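S.K.: Below is one structure. I have some questions about it.
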Amino acid sequence: MERHAWDSIIQEVKEARDFSQLRALRDRAHDVFLLHLPSEEPFEWNGGVNRLHDTIIYGTIEMTERILCEERNEQVPLPYAFLLFGSGGRVEQTLWSDQDNGLIYADPGDEKEAEQAKAFFSVLSERISANLEAAGYPPCSGGVLCTNDKWRQPLSGYLAMTNEWLAEPNWENVRYLLIAADLRTIYGDRSLGESLIDSFVSYNQAHPLMYRHMLQNTLHHKVSIGIFGQLIKERYGEDAGGVDVKYGAYIPIVNGVRLLALEAGIRVTSTEGRIRLLLAQGHVPDEIGHDWLDALAAALKLRSMTPFQLEEGHYTSRGKLTADLLTRERTTELKLCLRIGNELQKYVKKVVHSEIENRKKAGECW
């Protein structure tokens, strides 16, 4: 794709003055990006898509904040940051991604300021979420949203919540911790999000047994390849004969690399960025790390080729590469991706177990 083909749309998004313009531009960009997906280098294409999403989301937040402050004739009561989780936090959104977000604000100085901030950010979050939905981003089905009190708190509230999860690392709490590990600030005071990540990473570095708990969640989604190298296909329903690219290829790679990055103290959130830093810092051999990059590139591309639907104004996809799309070339590409993903999961398991044993011998785990 010629660079100006997406840059010109992104520039128009930056200049948009109302929410209807943002939605119209998103719809137009959707068609343009899909047209060029087969020929574009996957990381370049993914970067363009996510610059588009970031620009739309940033513009939505900025306009919503300005309108609310004008209506109330007041200023934002405290510094805050709007956070993206999930694929948004990892800079890996598809064209049909939903909302996975949160809002964090500075600690109030007294009870009156606390009540004022709570009320203001509650209204702001409701409006941001509604405006994002109007722009085509459906709410996260799992409730990871700025409208949820759990994901809209002052910094001290977020820290207390994550500390509770760390103190009791059951399956659900570890799931939340891994969600938080992908947070990225898209708007506002970046230091707030960074403080949360710093606290989380520092705790893990001091308590390496946490990686054992995280390993169970990390390996939960198995790669969709059998012991003889065959694709594990959907057996029933409208996707019968197809392959779950999202949970059978992409998510296992994302999860494995995330855990290795946390173990190495790496704070960037994109999977590509994490792999490149693992390579640069000597945590993984060059050949292995570059295999992971190849597998990630294939997973990103194939995930974006899955069929999508437009339902009630929202773009959605089941993440399945249907049987008719499994050409010989794509099947070969997918099998290679899955084989590498399978090896990655084995590598992660080996590294985590080795790290824990080494810390035990040094008397650092207890």
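S.K.: Over the chain, with a Gaussian network built from C-alpha contacts below 10 Å, which listed residue (V243, V201, V32) shows the highest mean-square fluctuation?
M.R.: Answer for the Gaussian network model of the chain: V32.
S.K.: Please give me, ordered by residue number, the chymotrypsin sites (Phe, Trp or Tyr not before Pro) of region 209-263 that lie in loop per DSSP and have at most 16 other Cβ atoms within 10 Å.
M.R.: Sparse-neighbourhood loop chymotrypsin sites (Phe, Trp or Tyr not before Pro): F228, Y236.
S.K.: Let me ask you something else. Convex hull volume of the Cα atoms in the chain, per residue, in Å³? Could you put the intermediate results ahead of the total?
M.R.: On the way: hull volume 53.1 nm³, N = 366.
Here the figure is 145 Å³ per residue.
S.K.: Write out the GluC sites (Glu not before Pro) in region 211-318 meeting two conditions: DSSP loop, and at most 11 other Cβ atoms within 10 Å of their Cβ.
M.R.: Here the GluC sites (Glu not before Pro) that fit, given the DSSP loop and packing criteria, are E238, E312.
S.K.: What is the ratio of the Cα radius of gyration of region 1-135 to 2.2 N^0.38 Å, where N is its residue count, to two decimals?
M.R.: Normalised Rg, Cα atoms only: 1.19.
S.K.: Restricting the count to DSSP beta bridges whose residues both fall in the chain, what percent are antiparallel, rounded to a multiple of 5?
M.R.: 80 percent
S.K.: Additional query: So, taking all protein chains as they sit and a 1.4 Å probe, how much accessible area belongs to C69, in Å² rounded to tens?
M.R.: 20 Å²
S.K.: Using alpha carbons only, how many angstrom separate the centre of region 149-217 from the centre of region 233-254?
M.R.: 29 Å
S.K.: Taking a ≥ b ≥ c as the square roots of the eigenvalues of the Cα gyration tensor of region 276-366, is the shape rounded (a/c under 1.5), prolate (a/b larger than b/c) or oblate?
M.R.: Verdict is prolate for region 276-366.
S.K.: Please tell me which of these pairs span more than 21 angstrom C-alpha to C-alpha: K118/K150; K246/K335; K14/K301; K320/K349; K301/K335; K233/K335?
M.R.: Check vs 21 Å cut-off fails for K14/K301; K320/K349.
The values are calculated or read from the model by the stated rules, or taken from the named source; none is laboratory data. In this text, all values refer to a predicted model and were calculated from it rather than measured experimentally. We place every Cβ from the backbone using ideal geometry, glycine too, and count neighbours over all the protein chains shown. Quick note on the areas: whole protein, heavy atoms, side chains included, nothing else; ligands and nucleic acids left out. Shrake-Rupley method; radii C 1.70, N 1.55, O 1.52, S 1.80 Å.
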